[in-house]
């Protein structure tokens with residue numbers, strides 16, 4: 001069901017019957033044979049395969065080749081400290097972009113959900129604190145940790161979806177701050193301010209997955225999975241209904257949609273994405289401490305999502321890349337203590353000049369200096 005159909009329904013308040021599709025023009029036998037022989041356009045092809053065929057564009061192929069070649073031409077420092085960290089933080093920010101961009105929900109608890117997954121994996125698996133960690137195999141601990149984080153994200157959504165705007169922000173911020181003080185002051189489970197250390201990914205196929213190149217490809221795999229999952233969901237009936245609820249929840253409720261259930265489900269899905277990012281973040285840092293889920297990081301995830309553009313799934317990764325580059329190289333120009341001033345200035349500039357983030361700024365530049373604008377100027381001069 002198309003998005004245009006839902007817009008017409010929300011504008012009128014009545015689901016008008018859809019007009020029958022126009023009759024297809026007669027095709028020659030050669031054309032019909034060529035069309036039916038394409039496995040990507042047949043109705044019998046898997047839905048996800050047809051989705052990829054319709055979604056992928058030349059720029060996606062170029063970007064895919066670029067990210068695959070990058071670790072083989074870049075230094076280990078750039079591969080691990082910049083690229084891999086950007087993918088991990090971008091995956092967590094993607095969960096916020098999904099909620100804010102397609103659900104109209106600004107949650108500051110996404111880093112909290114990621115931290116819950118990381119701490120759960122450390123407690124259930126192995127860490128430097130043998131008296132705390134249960135010693136489960138990581139192949140068992142990781143799925144349980146993700147499940148715990150998704151359940152917590154669902155509960156957070158159940159508590160906050162009945163509010164809107166600033167009240168949702170304050171509730172999720174309060175939950176994030178409460179979890180920070182819980183892990184900071186609890187020593188029997190979370191080891192207090194010292195946290196849980198020596199968190200390493202499992203060894204598989206004889207590969208050390210925390211080495212720069214293997215970890216980069218592992219983070220890239222899950223980043224792509226999260227990206228395509230969001231792209232698929234927002235085009236599904238659930239995603240279209242969620243966008244309708246974002247635009248006009250009362251009208252969608254009048255049409256028979258359960259607004260609260262859709263929003264809670266969106267929190268659960270965003271929690272799944274954030275949980276996977278939290279596991280990767282714990283492996284990247286090799287530890288989980290209260291500083292990983294502090295108030296600063298709750299705000300940083302929001303900054304990353306807004307920098308890239310919350311209306312676009314790829315914007316979360318662009319914002320993460322810009323954030324990591326500033327965090328890594330700004331200290332060469334200014335003092336480390338002044339980093340928040342720099343990122344705050346960049347954030348302010350992006351919000352003032354391009355409310356849609358870096359992608360919006362790129363779209364503005366293309367519209368002004370692109371080939372279409374050049375042709376328009378030439379016609380105007382004629």
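The values are calculated or read from the model by the stated rules, or taken from the named source; none is laboratory data. From a predicted model like this one, the values you see are computed outputs, not experimental measurements. Backbone-built Cβ (ideal geometry, glycine too); neighbour counts: all protein chains shown.
Structure data summary
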read-out: Boolean, residue 326 is modelled with pLDDT under 90 and in a helix (DSSP H, G or I); value: yes
read-out: Residue that is surrounded by 15 or more Cβ atoms within 10 Å (Cβ to Cβ), more than 20 Å from the chain's Cα centre (by Cα) and over 19 Å from residue 210 (Cα atoms), where the choices are 132, 156, 116, 166; value: 132
read-out: Test: residue 253 is in a helix (DSSP H, G or I), surrounded by fewer than 18 Cβ atoms within 10 Å (Cβ to Cβ), free of Cβ contacts under 8 Å to residues at least 60 places away in the same chain and in contact with a helix residue (DSSP H, G or I) (Cβ under 8 Å, 6 or more places away or on another chain); value: yes
read-out: When residues of segment 104-127 are limited to those that are assigned to a loop (DSSP other than H, G, I, E, B) and touching a helix residue (DSSP H, G or I) at 6+ places or on another chain (Cβ under 7 Å), the one farthest from residue 163 (Cα to Cα); value: 125
read-out: Odd one out for residue 225, checked against (1) within 25 Å of residue 80 (Cα to Cα); (2) touching a helix residue (DSSP H, G or I) at 6+ places or on another chain (Cβ under 6 Å); (3) surrounded by fewer than 18 Cβ atoms within 10 Å (Cβ to Cβ); value: (2)
read-out: Residue check for residue 304: surrounded by 24 or more Cβ atoms within 10 Å (Cβ to Cβ) and modelled with pLDDT under 95; value: yes
read-out: For residue 355: the one exception among (1) surrounded by 12 or more Cβ atoms within 10 Å (Cβ to Cβ); (2) without any contact (Cβ under 8 Å) to a residue 12 or more places away in the chain; (3) part of a helix (DSSP H, G or I); value: (3)
read-out: Boolean, residue 101 is crowded, with 18+ Cβ neighbours inside 10 Å, at pLDDT 95 or above and assigned to a helix (DSSP H, G or I); value: no
read-out: Unique match (being under 17 Å from residue 146 (Cα atoms), assigned to a helix (DSSP H, G or I) and touching a strand residue (DSSP E or B) at 6+ places or on another chain (Cβ under 9 Å)) among 282, 225; value: 282
read-out: Any hit, segment 60-81, residues being in a helix (DSSP H, G or I), under 23 Å from residue 178 (Cβ atoms) and in contact with a helix residue (DSSP H, G or I) (Cβ under 6 Å, 6 or more places away or on another chain); value: no
